[in-house]
Every structure is written in structure tokens, then in C-alpha cells.
Amino acid sequence: MKVLIVGSGGREHALAWKLASSPLLDELHAAPGNPGIAALGQCHPVRAEDGEGLLSLCRELAIDLVVVGPEAPLVVGLADTLRRGGVAVFGPTRAAAQIEGSKAFAKDVLEAAAVPTAQRLAVARPPCVVKVDGLAAGKGVFVCHTQEELDAGLRAAAALGGELLIEELLEGEEVSLFAISDGERAVALAPAQDFKRVGERDTGPNTGGMGAYSPLPSLEEAEVEELLETVHRPVLAELARRDAPFTGLLYAGLMLTADGPRVLEFNCRFGDPETEAILPRIESDLLPLLLGAATGELTGEVAFGDCAAVTVVLAGGDYPERSDSGTPIDGVEDAEATGALVFHAGTARQGGRLVTNGGRVLAVTATGDDVGSARSRAYEAASRISFAGMRYRRDIALTAAEGHVRS
């Protein structure tokens, strides 16, 4: 099979790394890709939002399957363009991708499907959560415990533009649960937990994600299946009822509250950086599942090993306010020599030198027999990498490693 991965971040590098091990794979391509992906396949200078350009590339290369990484191209209809051109796509249509593209739409779907979620609030009063309705690269949610935080959140949300959604503030353990779907059937991946705030102890502004770990000690396999039955399958049925069947990766952001699970949000693609922590734990071939979902013939399950994985994101010094560009990066090979995986999230080649090219620059993942050992190995590998201004959280998966539940 010839596979094209669309995107240029750490999630796409992780997908490329995993699919490269499939015995079904003949050729791996990416558009636009990144230096990490270029070591696994061929990268092409076509933007992820360029639907017609990607369709032409698929025809030129005789691509059998396109796997779309980022949300923005899906929300504007990339999968529709490619499918109309006869290309199999792992990723939802524009109509189904509104589950992420519009938080108001997602809330309507959840309520119609009778899936437990945070209550809408008519008035913004602390404590509450302020959400920007449209896409905001993971930075459009503001958790407000005090009036001061609410005032700041409303200002920041207004600066992003669009409609706002006000919800109750839920307390509990946060979980990311991915499910591969062909529009009818759904297969769960292992749950993960990500760390959205830029600073230790969950302080500072929201980001796209500063790290993740998998599995969660608090969620057994039976509980994961129960979540799939309670959350994902009713939503898939509701989307199908609306003539917007969802094919691809349906990602539920959940809060496990004292009153049971509640949906915080839905995303229409693999999460980043959870993908970098989940895929290294998969022992089975992922490619047949992605192809089955894309062609409406999803069968089988995903086999996970007993190991744990921890991912630490290395970001630029001014992230999330601004990205970093052109700063030389050292130590990636040294980090990989420890046995860790280093996924390129925002890098480029400049005169043969690896340099920064984004806010989140690298995602370092290590596995171990448990979260504690995986965490130690991930931080050991991360310590070998350096670039001017580099920052990372030092408390990723800390409470899980100590045997406590993070809330």
C-alpha cells in the first residue's frame, strides 16, 4: 500500500513511525511532513489545507490511503475533496468534523444523544469555563475559578474572535479516549492523559499540550469499553442520523467526576501529544484498522502491550504566546541513543542543520514497565537535547508515577 500522511507535527511523525512498521506498507509519503518524517518516507511541499494540490499529489503517486493529521483541513472539507476524487481517506467529512469545528454543534449533538456533559450556563460567573466556539489550536478554553480569571478569560477569548460558550466547571480526573470509527463501528485505543497548561502544577495559559502518558491506572479495559458505549457510540449514531456519519478518529476529552464521566470536548482527529504516548504501546498493525475505517469495513481490535509510555514536549521559550524559528537544536541523536523516541513537532532543516520551526518543537517519548520507569527514561532523554530558550514541564505524569490520581 501507498500511504500519504497529511500534516507536519509530532502527531504526524508518530503516525509515520507506527505505519512504517506495517508489512502492508510499500511507500510512505507526507505533505508537507517534517525532518523526522523525512527519515521514514518522502515529503512533498504541499500544504495541509491545499485540497486540490493534495488530490493531484494522490493521483500522481497512486496513493491508496490518506491519513489526515490536523483538524483545520478536516473542518474546511479536505476529506470531502479527496473522496470526491476517489481517494480513501482516514478522516471525517466537513459536516462530521464540526464535532470539533463548533463547540456549540458538539453540545447540540451531545444533548440530542443523551451523553453526559458539562451544563451550559446562561451567565458567566466564576467558577466556570469559557470556550471559543471555533478552532483555536488548543488555546480556546479558559478555566476560571475567580472573577479575575474570568475577566482575563473573556478578554482572551474575545481576542480570538467568534461566539463564546460558557459551561460549568467540572472537577475530577481528565482523560483522553480515542476511538477509530468507520461511521458505524468503533474501536477504542488505550486512554491517555495530557497536560494542557504551560507551567508546572497546571499553571499558566492553555497550550496544545505539554506532555502525556498512557495507560491510566484508574481505567481498566472494561471501563474503557463502558465509556465507548456511553459516549462514542451514541455520538456516532447521532451524527449518522444527521447524515454526517463520522469516519476517522473520534477523540473524547472526558472528566471522570464523582457523578460519573462527563464530556468536556470532542476532537475529530488524533490528539497531540497523546498520540506520541499511545502509538508506541501498540503491538498490532495499525494500518489495516485505518484502512478499514476509511473504506467502511472496520474489523479487529488494537493490541496493546503491558508497558507504559510518557511523552515530554520541548517547547520554545515564548510558547504559547509565539513560536520559535531558526534556533539550532542539539542532542537529538544522543536522546535517541537512550532508546527513547524523539518526534519532530516543529522543526526544519536549515543549511543541513536541524532548527526550531514552531511553538512545540520536539516530543520525547519513552516506554517502561510502569509509568515511573517510562517517566524517568523520558526525562533522561529530554535532558540530552538543547536549544536556546528551550522549556518543558518537569511534572509530566508525576502523580501517576507516585501512585496518586491527578485531578
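The values are calculated or read from the model by the stated rules, or taken from the named source; none is laboratory data. Computed from a prediction, not measured in an experiment: that's the story for all the values here. Ideal geometry is used to build each Cβ from the backbone, glycine not excepted, and the neighbour counts take in all protein chains shown. Only protein heavy atoms, including side chains, enter the accessible area calculation; ligands, DNA and RNA are left aside. Shrake-Rupley method; radii C 1.70, N 1.55, O 1.52, S 1.80 Å.
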Distance from the Cα centre of segment 144-197 to that of segment 285-325, in angstrom?
18
When the accessible area of segment 260-381 is split by element with a 1.4 Å probe, what percent falls to carbon and sulfur?
40
Which of the trypsin sites (Lys or Arg not before Pro) found in segment 144-238 are in a DSSP loop and have at most 15 neighbouring Cβ atoms, other than their own, within 10 Å?
Arg201
Taking the dipole of the chain about the Cα centre (Lys, Arg +1; Asp, Glu -1; charges at Cβ), the one of Gln98, Leu154, Phe304 that reaches farthest to the positive side is Leu154
Of Met390, Met210, which has the most accessible area and how do the rest follow, probe 1.4 Å?
Met390, Met210
Go through Leu287, Cys268, Gly253 and say which Cα lies farthest out towards the positive end of the charge dipole of segment 207-296; charges sit on Cβ, +1 for Lys and Arg, -1 for Asp and Glu.
Cys268
Residue by residue through segment 291-303, what is 3J(HN,Hα) from phi via Karplus (6.51 cos²θ - 1.76 cosθ + 1.60, θ = phi - 60°)? Round to whole Hz and write x for glycine and proline.
5, x, 5, 5, 9, x, 10, 6, 9, x, 10, 9, 9
HN-Hα couplings for segment 265-282 via Karplus (6.51, -1.76, 1.60; θ = phi - 60°), in whole Hz with x for Gly/Pro, come out as 6, 10, 10, 10, 7, 4, x, 10, x, 4, 4, 5, 8, 7, 4, x, 8, 7
Spatial separation of Cα centroids for segment 210-245 and segment 1-43, in angstrom:
26
In debye, nearest 20: dipole of the chain around its Cα centre with unit charges on the Cβ of K, R (+) and D, E (-)?
1060
Any idea what the dipole of segment 332-381 comes to, in debye rounded to 20, about its Cα centre with Lys/Arg Cβ at +1 and Asp/Glu Cβ at -1?
320
Residue-by-residue Karplus 3J(HN,Hα) for segment 36-44, coefficients 6.51, -1.76, 1.60, Hz, glycine and proline x:
x, 5, 4, 6, 10, x, 9, 9, 10
Which of rounded, prolate or oblate describes the chain when judged by the alpha-carbon gyration tensor and an a/c cut-off of 1.5?
rounded
Taking a probe of 1.4 Å and leaving out DNA, RNA and ligands, the chain shows per residue an accessible area in Å² of 40
Expressed as a whole number of Å, what is the distance separating the alpha-carbon centroids of segment 64-99 and segment 332-407?
30
Provide the percentage of antiparallel DSSP beta bridges, counting only those with both residues in segment 1-143; round to the nearest 5.
20
Which listed residue (Ala190, Ala16, Ala345) has the Cα farthest towards the positive end of the charge dipole for the chain, taking +1 on Lys and Arg C-beta and -1 on Asp and Glu C-beta about the Cα centre?
Ala345
What percent do you get for the relative contact order of the chain when only Cα pairs under 8 Å and 6+ apart count?
16
